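Note sheet for the following structure.
Laboratory data are not the source of any read-out in this text; all were calculated from the coordinates shown. Bear in mind the structure is a predicted one, so any value in this text is a computation, not a measurement. All Cβ positions, glycine included, derive from the backbone under ideal geometry; neighbour counts span all protein chains shown.
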Amino acid sequence: MWRSMMAWFMVLGLFLPCGLSQNNQGAPSQEQTTFSMERIGVRQPIDIPYSVLQLLRKDKYVLDCLEEGQDPNTITSDWFVGSKIHLNGAREIDLFVQSREQSQVPAKNRCLLGANVERFWIFRPARGRHELVLEISAHDLRVLDTRHNGYRDIETTSQTAVSTTKLLFRFDGARYHIAVGEGPG
């Protein structure tokens, strides 16, 4: 009898809706919240919207990848990979961006990778466009469940051979700023 009940529950589970469930914070519970330079990968990659690419083409860190006199329009969306995240509830779709691993050698975007860090950007929608709210070089970035001014906190980690630095970022109403840092001073 027990086995038949278990089998019935398993069959029933196949027919239940498979959408993302919502947690009490209003963000999809299956959403990727940890990102790394270790090329573990963005689980559900999305293409970079053109408005975000335009902002990245103006970013000093990205522009440093260009050779002398090279046009910023040579920076293409295949330099980056994005992931949807929800920082301010389920209705607002924010965007995490990091460099995309490229097959050509040398990769055109190779300067976006440091010795043990990578550049990460986070954008939010604002007035029909995207707005940069955080850019940081780190080894790992994690979106937390704790919140400040309605937005989820973000933690980054970077390591050297002798130390680890963790930074906690909180939203101030316009951008993320360092709230707490642990590591070498």
Calculate the spin-label point distance for HIS177 paired with THR164, positioning each point 7 Å from the Cα along the beta-carbon direction, and give it in nanometres.
2.8 nm
Quick one: go through segment 114-130 and flag any residue whose amide nitrogen is under 19 Å from the point 7 Å out along the Cα-to-Cβ line of ARG91.
124-130
What ³J(HN,Hα) values, in whole Hz, does the Karplus curve 6.51 cos²θ - 1.76 cosθ + 1.60 give for segment 57-62 when θ = phi - 60°, with x put for Gly and Pro?
5, 9, 6, 4, 4, 6
Net charge around PHE123, counting only other residues with Cβ within less than 15 Å of its Cβ (Lys, Arg = +1; Asp, Glu = -1)?
+3
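Of the GluC sites (Glu not before Pro) in segment 27-84, which ones lie in a loop per DSSP and count no more than 11 other C-beta atoms within 10 Å? Mind dumping the intermediate values first?
Details: sites: GLU31, GLU38, GLU67, GLU68; in loops: GLU31, GLU38, GLU67, GLU68.
Here the GluC sites (Glu not before Pro) that fit, given the DSSP loop and packing criteria, are GLU38, GLU67, GLU68.
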For segment 169-178, Karplus-derived ³J(HN,Hα) couplings (6.51, -1.76, 1.60; θ = phi - 60°; whole Hz; x for glycine and proline) come out as 10, 10, 7, 9, x, 10, 9, 8, 9, 5
Neighbour net charge for ARG147 - beta-carbon separation under 12 angstrom, K R +1, D E -1
0
How big is segment 21-182 on each of its three principal axes, counting only the C-alpha atoms and giving the largest first in Å?
48, 44, 27
